[in-house]
Amino acid sequence: MKNSYSSLRPTRWSRWIATAVLAMMAMVVGIPGAVAQPSDDSVEGKTFVIGTDTTFAPFEFRQGGELVGIDMDLLRAIADKQGFNVEIRSLGFNAALQALSSNQVDGVIAGMSITDERKEVYDFSEPYFESGVQMAIDRNNDDIQGYEDLEGKTVVAKTGSEGESYAKSIADEYGFRVTSLDQSATMYESVKAGTAVAVVDDYPVLAYGIAQGNGLKTVTEKVPGGSYGFAVNKGQNTALLAAFNDGLAELQASGEYQQIVDEYLADPTEAAPSTFWDLLTQSLPALMKGLSNTLIVTGVSFAVAMILGLAFGFLKISNNIVLRGVATSFINLFRGTPILVWAFFFYFGLAQLIGQTVNIWVAGVLTLSLNGAAYIAEIVRGGIQSVDPGQLEASRSLGLGYGRSMQKVVIPQAFKIMTPSLINQLIIMLKDSSLLLAIGFAELLYQGQQIYAANFRVTETLLIVGIIYFVAIMALTKLANFADRRFNK
Amino acid sequence: MSDVSANGKGAPKITVKGLRKSFGSNEVLQGIDMEVAEGEVVCVIGPSGSGKSTLLRCLNKLEDITGGTVVVDGFDVTDPKVDINEVRRHVGMVFQHFNLFPHMSVAENIMLAPVELKKLSKAQARTRALELLDRVGLKEKADARPASLSGGQKQRVAIARSLAMSPGIMLFDEATSALDPEMVGEVLQVIKELADEGMTMVLVTHEMGFAREVADRVVFMADGVVCESGPPADLFGNPQQPRTQDFLSKVL
Ligand SMILES: Nc1ncnc2c1ncn2[C@@H]1O[C@H](COP(=O)(O)OP(=O)(O)O)[C@@H](O)[C@H]1O
Ligand SMILES: [Mg+2]
């Protein structure tokens with residue numbers, strides 16, 4: 001059940017970060033097109049901008065690049081029935097609500113529980129989904145029939161969720177232990193691996209996971225919880241709200257509502273289990289997008305790191321003690337601190353310092369390139385120093401200046417010596433770019449996490465991601481070695 | 001006796017006065033006076049560590065000079081305002097270990113300075129490189145890489161390279177010491193031809209026979225000072241200083 005913090009994100013902090021990111025982006029770019037509609041006339045033929053979360057399966061998530069889920073399907077079906085158009089903006093939960101408050105979107109549908117506090121600011125539709133928490137166990141486990149069989153066992157729940165509070169509230173009564181994890185997908189894995197015997201999670205999330213063939217089954221009844229509603233700003237867009245309610249009633253009456261819900265939550269025995277091949281074809285577009293982002297951020301960062309690394313490498317061998325000190329400090333600073341610290345600093349800290357949001361690409365490139373530059377500076381220093389000093393003397397004795405001599409004589413030879421280390425550094429940077437998922441940068445591993453957060457096929461998805469990384473790195477190595485042979489004869 | 005005067009062959013091309021050079025607290029050159037006239041060939045001999053290389057390297061300021069004055073081809077090398085790159089174009093230098101640029105072909109090694117310093121176009125520089133290679137008998141090696149050459153061939157290319165800017169002075173620092181004995185001759189032959197053409201040269205060498213043959217004057221250095229100098233016949237035939245006698249008795 002989703003209040004504000006129980007979506008299906010990889011971790012709670014990364015969800016918070018992603019939400020913050022999107023909020024910032026929303027503020028920077030503005031959300032065009034959405035103007036609060038006058039509340040009197042009909043919705044016929046109009047286009048409404050609707051905000052939603054990024055990934056909260058089964059309500060909204062991406063499949064093959066397209067936004068799907070119960071919320072999305074319901075909203076589109078209702079719009080269809082009522083003759084209006086919707087333009088969906090996948091902003092993140094908090095960012096969507098902010099956008100609604102500032103009239104940048106007309107409504108929000110995001111698996112949002114109807115609460116009294118929210119009712120003070122927003123007008124809600126009739127509830128379109130009844131949530132709750134439920135317990136599930138391994139499909140092949142026949143020993144556990146109910147809570148009373150949990151004596152002395154371990155139950156896993158999601159940190160900070162309603163499932164966790166519910167599990168803890170009955171733990172003493174039934175004599176089980178509760179451990180908490182951050183992601184639904186990893187909770188399910190731990191039940192299948194046997195580290196926990198059961199999981200207590202949001203009912204729709206759990207049902208969807210089972211429908212996706214996560215290998216679990218439910219054994220207890222759902223404990224009723226919140227109801228989800230569609231929201232507009234208080235007193236605004238009343239026609240839209242009314243149309244939503246009418247459309248919803250129509251769908252419920254015709255059975256289409258149940259069809260949509262079943263599509264995501266029905267037991268897998270009815271649905272054909274999807275094969276590895278299906279998973280591959282479904283996830284490949286998103287993963288390729290992630291790979292492309294990974295390659296671009298790595299490539300740009302490497303280019304910047306080369307320039308900075310050369311500069312600091314030269315400072316490092318300069319005769320001037322101050323310049324040498326500057327270079328040494330730079331190298332020590334970035335080699336002596338984890339990349340993640342800088343990713344957070346450039347994305348969040350810097351934004352606060354300069355009072356302006358930082359583009360995630362800028363933050364990503366700064367993080368990777370400054371770290372890479374520190375290592376490249378050392379590679380450059382070592383490369384230059386390993387060139388026989390007689391080379392520089394010979395060039396200088398011909399009357400060439402220091403700069404010209406370095407450029408024509410020393411650096412070409414240094415590069416030849418440096419090339420294997422530089423290729424190595426490039427590959428390290430490519431792998432390090434996966435750390436940027438922590439600030440919500442949509443690189444390859446991030447996309448993988450988004451995918452298994454929606455389909456719960458953690459191992460297979462990670463296997464695919466791993467293979468893509470491996471192939472990309474092998475290809476890159478081959479390419480770099482080819483270039484090395486070609487230019488460093 | 002440390003005052004070496006020109007032998008009247010021409011105006012002085014190199015004038016060294018009171019040259020001092022220290023590495024830290026180690027004073028390697030302790031006041032050298034020397035003059036080399038135009039067209040003169042001076043051989044510098046002396047025991048290892050006596051400062052011969054350092055003296056040579058001070059002449060084109062590959063080493064910073066601690067004290068005294070060095071005037072080369074009219075340029076005061078010790079003057080901080082002098083364009084040292086300009087001076088070096090007038091002074092060719094040949095190193096014991098050749099120091100050819102391994103990433104360039106033989107011709108490119110020779111073309112580098114004329115092209116980079118905008119003295120010649122690429123095509124002109126190539127023509128000049130081929131001429132110089134012809135002079136040292138290696139025209140057919142123009143497009144070879146230095147790594148494929150023998151030691152003697154490398155040193156001949158290095159000589160051709162240092163001639164590319166048409167210097168008026170040539171400095172040789174033990175140009176044959178790193179060579180196998182059978183290759184020494186071919187390099188000495190090239191040096192001798194240069195001497196015969198009237199090139200002003202300072203050679204640090206261990207080839208006493210060659211020094212006797214080619215030098216106008218021989219300078220014997222010991223412990224950072226010029227111990228004795230004179231025409232080869234005198235210095236080798238009738239050395240005055242005990243240190244010179246001692247040294248010659250060991251090497252001859
Ligand atoms: N770059 C340097 N740093 C410190 N000491 C040096 C350096 N170059 C030469 N020396 C010292 O100066 C002295 C003279 O060296 P060098 O001129 O090479 O002698 P030679 O060429 O006569 O053998 C030696 O004691 C040597 O160790
Ligand atoms: Mg020497």
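Numbers for the structure displayed
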| read-out | value |
| --- | --- |
| Sites A:Thr477 and A:Glu130 - FRET efficiency at Förster radius 56 Å, r taken between beta-carbons, to 0.05 | 0.55 |
| Cα-based shape type of the stretch A:155-276, given that a ≥ b ≥ c are square roots of the gyration tensor eigenvalues and the cut on a/c is 1.5 | oblate |
| Rel. contact order, % - alpha carbon contacts under 8 angstrom, at least six apart, the stretch B:147-203 | 48 percent |
| Centre separation in Å (Cα based) which lies between the stretch B:21-38 and the stretch A:120-140 | 92 Å |
| Exposed-site-free run, longest, chain A (rule: GluC sites (Glu not before Pro); DSSP loop; at most 10 other C-beta within 10 Å) | A:271-489 |
| Net charge, A:Glu151 excluded, C-beta distance under 13 Å - Lys, Arg +1, Asp, Glu -1 | -3 |
| Residues A:Leu284 and B:Ala11, FRET efficiency given R0 of 60 Å [Cβ-Cβ distance, rounded to 0.05] | 0.15 |
| Span from the the stretch A:309-353 Cα centroid across to the the stretch B:191-205 one, whole angstrom | 53 Å |
| Calculated [θ] (222 nm, deg cm²/dmol) that DSSP helices of n ≥ 4 give over chain B, each run adding -39,500 (n - 2.57) | -10500 deg cm²/dmol |
| Long-range Cα-Cα pairs in the stretch A:368-489 (distance over 25 Å), rounded percent | 44 percent |
| Translational diffusion of the stretch A:328-383, µm² s⁻¹ [Kirkwood Rh, Cα pairs; Stokes-Einstein; 20 °C; 1.002 mPa s] | 182 µm²/s |
| Label-point separation in nm, A:Glu120 to A:Ala249, each point 7 Å along Cα→Cβ | 3.1 nm |
| Chain A - convex hull of the alpha-carbon atoms, volume per residue in Å³ | 183 Å³ |
| Förster radius 45 Å - calculated FRET efficiency between B:Ala147 and B:Gln240 (Cβ-Cβ, nearest 0.05) | 0.45 |
| Spin-label proximity, A:Arg76 to the stretch A:201-240 - amide N less than 13 Å from point 7 Å beyond Cα toward beta carbon | none |
| Anchor A:Lys289: lysines whose Cα lies under 28 Å away (excluding residues fewer than 8 positions away in-chain) | A:Lys431, A:Lys478 |
| Filtered trypsin sites (Lys or Arg not before Pro), the stretch B:1-102: DSSP coil and at most 13 other beta carbons within 10 Å | B:Lys81 |
| Gain on full stretching of the segment that runs from A:Ala266 to A:Ile317 - 0.36 nm per residue minus C-alpha separation | 11.6 nm |
| Given B:Lys13/B:Lys52; A:Lys153/A:Lys217; A:Lys408/B:Lys81; A:Lys158/A:Lys192, the pairs whose alpha carbons are separated by over 22 Å | A:Lys408/B:Lys81 |
| Cα Rg, Dmax (largest Cα-Cα span) when computed across chain B, Å | 17.9, 56 |
| Distance in nm between pseudo-label sites at A:Leu333 and B:Glu27 (7 Å out along the Cβ direction from Cα) | 4.6 nm |
| Nitroxide proxy distance, nm - points 7 Å out along Cα→Cβ at A:Phe487 and A:Glu460 | 4.2 nm |
| Computed lengthening from A:Asn140 to A:Tyr402, 0.36 nm per intervening residue step minus Cα-Cα distance | 86.8 nm |
| Residue order for A:Asp142, B:Asp79, A:Asp80 - accessible surface, 1.4 angstrom probe, largest first | A:Asp80, A:Asp142, B:Asp79 |
| Per residue, the convex hull volume that the Cα atoms of the stretch A:237-343 enclose (Å³) | 233 Å³ |
| Counting DSSP beta bridges with both ends in the protein assembly as shown, the antiparallel % (nearest 5) | 55 percent |
| Shape box of the stretch B:69-137 [Cα atoms, principal axes, largest first, Å] | 38, 29, 23 |
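The values are calculated or read from the model by the stated rules, or taken from the named source; none is laboratory data. This structure is a prediction, so every number in the text was calculated from the model and none was measured. Don't worry about glycine lacking a Cβ; one is built from the backbone with ideal geometry, like all the others, and counts go over all protein chains shown. With ligands, DNA and RNA removed, areas are computed over all heavy atoms of the protein, side chains included. Shrake-Rupley method; radii C 1.70, N 1.55, O 1.52, S 1.80 Å.
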